[in-house]
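Notes follow the structure.
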Amino acid sequence: MASLPEAVQKPVTLGERVRAARHALGLSQAQLAGDELTKGFISQVEAGLVRPSLRSLQIIASRLGRSLDYFIGDESLAGAKRRVFHRLAAQAAIERREWAAVRREATSALALQAQGGERATLLRYLATADTGEGKREQAFERLAEAMALVDANSDATELAHLLHARGVLYVEHGQLAAGAESLEAARDVMEQREITDPRLRARTLVHLGTVYRRLHRTVKALATYELALAVASRSSELRLAAQSYMGVAVALYDAGELDGAIGNYQRALGLLERVSDTAVELSVMQSLATVQFEHGDMNAARETVDRCSERAALAGDVRVGAIVDVLRARITLEEGDSENALRLAESAEARLADLGDHRQQADALRVGAAAAHARGDFASSDQSYRKAIEILASIEDHPDLSTLAAEYAQKLRARGDLESAFAYLELARDPAASRPAS
């Protein structure tokens, strides 16, 4: 019996589906190939001689106006390979910080019966999206579920990833000791299992150095940052090397070595000029301006603040723009203009509150409180200080709470309110205790 004409046969293989979809649109093989592929490659795909990579298949599917599922629905690509595709797509979406896409792709992969370590990886991706959207409790739950699935022997790399993710989440939640413990566990797993993932190792060390710094363990922070820098440099990860230089700079700043801190920040900026990472570049500039301010170089600090503000505006980064305005308010206050400092701080505080960045909101309130105090408006100053303290207590950011309570106590003592000053000094000494009554 003669076979049916191609026009009425149901395409079965991937190659047949590409050919049928191309014919339906009246495209030649050269037109489908475009500039990124070749006519010969399309011919081989349609003949079933080669399997296109997922990237090439994405190009083909886009030009043919079809979903990837249409092309990878045949048995040879079903199941495991479809899970791999969705997992890689979720990973790529994380790099782009597209949380809706992360959820869509990871959920699609989970629906294809992902098990064990693969399921744990997908849950970690969903936890990353939760964290990006501020859903921290949900992220903790996903990470806990994922960690119950991994085997320390067969899934050591995934276990290290999960410990790193949990540590970062603890730190963002203000639980520095728990964060340090989880990050140290991730580092230990990588060392014991000889995991060769320089990017994960460098990121873990960068975050661990930051925790040590915030816990005032400056010497250990500096050593950890330097180790992160060595790992990142060996792996040619310019972005991570830049982050490590930034970490070294902050540790040097905490140790009082301001010139060294500025030099390391400048090295970080030099590296970031060679990579496309506006977020990290803005973070470095913001930190550099802080060090310049503390060093007493107001002109340099203002110049860096202006540059950072411009870059943030171009990138559409409202959060960094608000944080920079807090620093601008601090500089303005130092120069004796308490009225404009207060205006800048209040505007930044409102934006940060809308964004849900409570830690930075508390910092804006702190600057606004100092500006109000300088103007003699003690009632407003008290209100802002106490609101900032309440915020830091609610997110359990004990290190920053201790610093803020000590500053407020100094203001109260200068005004002669010794009883309240003593209460806030006690809070500074033990930030986990209940805050003083308003």
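The values are calculated or read from the model by the stated rules, or taken from the named source; none is laboratory data. This is a predicted model, so every value here is computed, not measured. When we count neighbours, we look across all protein chains shown, and the Cβ atoms used for this are built from the backbone with ideal geometry, even at glycine. Ligands, DNA and RNA are stripped out before the accessible areas are found, and what is left, the full protein with its side chains, is counted by its heavy atoms. Shrake-Rupley method; radii C 1.70, N 1.55, O 1.52, S 1.80 Å.
Per-structure values
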quantity	calculated
Principal-axis tilt of helix 338-355 within the chain, Cα atoms, nearest 10 degrees	30
Sorted peptide list for 216-227, 144-155, criterion being average Cβ within 10 angstrom, highest first	216-227, 144-155
Compactness index (Cα Rg / 2.2 N^0.38 Å), the range 262-410	1.05
Over 37 Å [Cα-Cα, the chain], rounded percent	39
Sulfur and carbon atoms: percent of accessible area, the chain [1.4 Å]	48
On Cα atoms only, tilt of 398-414 relative to the major axis of the chain in degrees	20
C-alpha long axis of helix 258-272 to longest principal axis of the chain, angle in °	20
Whole-Hz ³J(HN,Hα) from phi, Karplus 6.51 cos²θ - 1.76 cosθ + 1.60, for the range 99-106, glycine and proline x	5, 4, 5, 4, 4, 4, 6, 5
Per-residue HN-Hα couplings for the range 292-306 [Karplus 6.51, -1.76, 1.60; θ = phi - 60°; Hz; x = Gly/Pro]	4, 5, 5, 6, x, 8, 5, 4, 5, 4, 5, 4, 5, 4, 4
Rg(Cα) / (2.2 N^0.38 Å) computed for the range 115-157, rounded to two decimals	1.13
Per residue, in Å², the accessible surface of the chain once ligands and nucleic acids are set aside, probe 1.4 Å	49
